[in-house]
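Here the structure comes first, spelled out in structure tokens, and everything after it is commentary.
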RNA sequence: GGGCGCUUAGCUCAGUUGGUAGAGCAUCUGCCUUACAAGCAGGAGGUCAUAGGUUCGAGCCCUAUAGCGCCCACCA
């Protein structure tokens, strides 16, 4: 017997244990078709907020749907404990910077800290009813995943897609590491636009350059004007004298200079921005690198050496003013590139870095994108946009401590890289020694270990490889090439999706997955993203589960439309609470009338029963169509709508027959019983995608023909009740009119 | 500046081959009717952002405009 009131906290715990003990969500090879999901390993950088719950739950619902359609679900969970986010978390907890703690100790702390948080994450996701097989979960920094990341690196190196080169790279002075273009975030800041007077050496002609970065004056290697610029093109070929710095540089012409921007004259510094790098390469200009790696002016620069960048800016403006070289200073608001992890402005640095070739294979990456089905479809253009606009090869080395080490040593004499053998992986070059005894190039017998580690994305982009146990004897390569589905929010299309496609293409020459499903964000308020720094996530997921139950939180998550942002709303939770409660109550009612029921073949349905069966069949057809398009929210929407109609109209009509067979007839009663028995079963199945707990409780109490409702199979009805549907709909209209007049 | 999305009831949002505008919340009225007051029945509430166009017919298709949001480019 179902309890009078449903106690969610007690029942949810009961079924969690039951599913775990009976391995309901276990992945085992069998003869069923595999449906595999590449779900984002959440970054282990502190607490999970309600935004995580939203997108992960939507994916989870799809896993449940596919399971109910008879697929063998491969759905492993992962944790991304790699790289900077973990390091920053540890630095915050310890109140110290990584270099103050020391490499070895710091790595140990990173492992301990991420383990601690992962346990919390796992508990929360379990409580939400995530139907993953925890036995196959992974973390991005562990011996087995390090091995795969290193093997991936070596494979790319062998195939010639990976190179080590001294090259300008984006540099973060806060995190003291190079970063990738994809890690940039634009920010609007207030600064000044400084109009500085220069002179030509040849004839002392004055001209003005406007700059936001006067501290780069010592790094000027050339001045550019547009050859079409009639006001200034006579300067081309002359020499410019840099004020205060007292250095002379050539004036050249290039059509990339915008005539109407600033004064139309540009100083080219190595390096202030990306155009500088382009010109530096194009015209083979000299290199004047004036910054140190911790954000100061290099000691070699006269007068300004040792100053922080912003101090130098202030100082140089003062000096320019003192010399009468500044025409005017304008207040300016403009956008700068910052590092998304710390929010600090990025600079450019020149050092040896590992890069993965992007620029030579853009067309292939576009082609891969075309082979993938995007949900919603318009997200495909976000991907194309990014690939078409990428301007750099992918820099994957980071001058940090915690992460996947490069399996590389260098010859002390000639710098030749020595790579580890694939069969020796994982290796830590700081501890392990190369297998060769001397440099194959120069014969030197001493080596230096690579101290850099790989970028977070370089390792998280191998999640399909981790899932398929790439390079292992016992692997899933046969069933996971490609995987069925990747899910994530739109913000990481340019990183996680793109880099995974890059790697999959280089390793296997094919797409990593057939489908990509993009979820929206959760907004704290309209137009305001939830973010930890703002502290605007008012609701702790654990508290919400306690207050509302996991099923109800799942309802909220399930109402979101694909790719569309959602505002957190207690109203929606209330609506879910009512729906769950109604499912419980109607099940109690149906149970009451099934005590003497025996399921057998029966086709002599009353026409009202045919009406509701037909209506259900119609609804479920649409329901399945939505789910096939990954539109979880729309599926829930029509299911819910049907369900209220079932309760408010059909149950009210069938009541009398169920209560009073002496008046309405036994066969008529059986027809009603058969109908509610059949429909409740099917409704529970459909609802189990969204409410795995309460549906299991009712299923086990009323049907228990299977170990779990979650391992049953949805089999659509196949009636032809079109006539009855029409008649029934008319009948409902008449009833509704009667009620109306009764109420007047 | 480029790409994409959104704009429907006071609020949150559905509305998928073009065919009489929907739900929940809030509000008002009447009901403790033997599953459910966390409920039931009913009322009120909308120039579907704006302007054109296609069509017998447009919330839906096309064009333009505005506002909002996301991604990218823009450091002279």
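From the square roots a ≥ b ≥ c of the eigenvalues of the alpha-carbon gyration tensor of segment A:129-247, which class results: rounded (a/c under 1.5), prolate (a/b over b/c), or oblate? Here segment A:129-247 falls in the prolate category. When peptides A:173-182, A:198-207 are ranked by their average number of other Cβ atoms within 10 Å per residue, the highest-first order is A:173-182, A:198-207. Once the C-beta distance of residue A:442 and residue A:30 is scaled by a Förster radius of 56 Å, the resulting FRET efficiency is 0.50 to the nearest 0.05. Roughly how far apart, in whole Å, are the Cα centres of segment A:623-676 and segment A:311-388? Cα centroid of segment A:623-676 versus Cα centroid of segment A:311-388: 57 Å apart. Each label was represented as a point 7 Å from its Cα along the Cα-to-Cβ direction; for residue A:715 and residue A:47 these points are 4.9 nm apart. Extension gain, residue A:389 to residue A:239, is 50.5 nm, computed as 0.36 nm per intervening residue step minus the present C-alpha separation.
Between residue A:105 and residue A:20, how high is the FRET efficiency from 1/(1 + (r/R0)^6) when r is the Cβ-Cβ distance and R₀ = 35 Å? Nearest 0.05. Efficiency for this residue pair is about 0.45.
Of all DSSP beta bridges confined to chain A, the antiparallel ones make up roughly 75%. Extension gain, residue A:315 to residue A:598: 0.36 nm times the residue separation minus the Cα-Cα distance gives 92.8 nm. Helix A:83-94 axis versus longest C-alpha principal axis of chain A: approximately 90°, rounded to the nearest ten. Here the peptides A:208-220, A:50-62, A:621-633 are ranked by packing, the mean other Cβ count within 10 Å, and the order with the highest first is A:50-62, A:208-220, A:621-633. Using the Cα coordinates of segment A:18-155, the gyration tensor eigenvalues translate into equivalent-ellipsoid semi-axes of 32, 18, 12 Å, sorted from longest to shortest. For helix A:143-158, what angle does its Cα long axis make with the longest principal axis of chain A, in degrees from 0 to 90 and rounded to 10? That works out to roughly 50 degrees.
With each label modelled as a point 7 angstrom along the Cα→C-beta vector, the residue A:647-residue A:260 pair spans 6.2 nm. Taking the 0 to 90 degree range and rounding to the nearest ten, how far is the long axis of helix A:722-743 tilted relative to the main principal axis of chain A, both from C-alpha atoms? Taking Cα atoms only, the helix is inclined about 90 degrees. What whole-number distance in Å separates the alpha-carbon centres of segment A:69-83 and segment A:1-44? If you average the Cα positions of each part, the centres end up 13 Å apart. For chain A, a/c is not less than 1.5, where a ≥ b ≥ c are the root eigenvalues of the C-alpha gyration tensor, and a/b tops b/c. That puts it in the prolate class.
Each peptide among A:654-664, A:673-683 gets the average number of other Cβ atoms lying within 10 Å of its residues, and from highest to lowest they stand as A:673-683, A:654-664. Model label points for residue A:303 and residue A:569, set 7 angstrom from Cα along the Cα-to-Cβ axis, are 6.2 nm apart. Relative contact order for chain A: 17 percent, from Cα pairs under 8 Å spaced at least 6 residues apart, divided by residue count. Helix-only arithmetic for chain A: the sum of -39500 (n - 2.57) across DSSP H runs with n ≥ 4, divided by the residue total, places the mean residue ellipticity at 222 nm at -13000 deg cm²/dmol.
For the pair residue A:472 and residue A:367 in one chain, pulling the backbone fully straight at 0.36 nm per residue adds 34.9 nm over the alpha carbon distance. May I ask you to derive the FRET efficiency for residue A:629 and residue A:546 from their Cβ-Cβ distance with R0 = 30 Å, giving the value to the nearest 0.05? Result of the calculation: an efficiency of 0.30. Rounded, prolate or oblate for segment A:324-436? Axes are the square roots of the Cα gyration tensor eigenvalues, ordered a ≥ b ≥ c, and the cut-off for rounded is a/c under 1.5. Cα axes put segment A:324-436 in the oblate bin. Here the contact order of segment A:59-198, divided by its residue count and restricted to Cα pairs under 8 Å and six or more residues apart, works out to 26 percent. Could you tell me the center-to-center distance, by alpha carbons, between segment A:699-728 and segment A:105-162 in angstrom? Distance between centres, Cα-based: 41 Å.
Every number in this text was worked out from the coordinates using simple rules, so none of it is lab data. These figures come from a predicted structure and were not determined experimentally. Cβ sites come from the backbone with ideal geometry, for glycine too, and all protein chains shown count toward neighbours.
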